[in-house]
Amino acid sequence: MKVADVLTNEFLVRYDEATQRLLIFTLKNGQPTSDVPIVSRLSMLEEMGKTEASRWVGETLLILIPTTREKLFDVHE
């Protein structure tokens with residue numbers, strides 16, 4: 001899969017109570033681009049603490065948005 005295939009301005013973020021995981025799906029035209037989401041276990045986020053966990057989730061989303069990827073993270077494809 002190419003990087004361009006996962007970059008998007010649309011996301012579905014869902015917390016799965018049963019598995020205690022945060023799931024981030026990238027969307028294109030309102031549809032998931034893959035059946036495989038970005039997954040963060042609640043236990044991992046708890047270990048990070050609220051500040052680092054919030055930073056990780058925020059940066060994960062921002063790095064997937066083409067404009068913020070380029071302007072904030074200076075990543076050019």
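None of the figures in this text is laboratory data; all of them are computed from the coordinates on show. Note that the coordinates shown come from a computational prediction; the quantities given were computed from them, not determined experimentally.
Before moving on, here are some points about what is shown:
- Acute angle (nearest 10 degrees) that the helix 50-64 long axis makes with the longest principal axis of the chain, alpha-carbon atoms: 30
- Shape summary of the stretch 33-77, radius of gyration then Dmax from alpha carbon positions: 12.5, 33 Å.
- Inverse mean reciprocal Cα-Cα distance (Kirkwood Rh) of the stretch 3-71, Å: 12.7
- Pairs of Cα atoms nearer than 8 Å and 6+ residues apart set the relative contact order; for the chain it is 24 percent.
- Annotation: amide H-H contacts under 5 Å for Val75 (H modelled 1.01 Å from N, sequence separation of 5 or more, or interchain): Glu70.
- The alpha-carbon of Lys28 sits under 26 angstrom from the alpha-carbons of these lysines, leaving out residues fewer than 8 places away in its chain: Lys2, Lys71.
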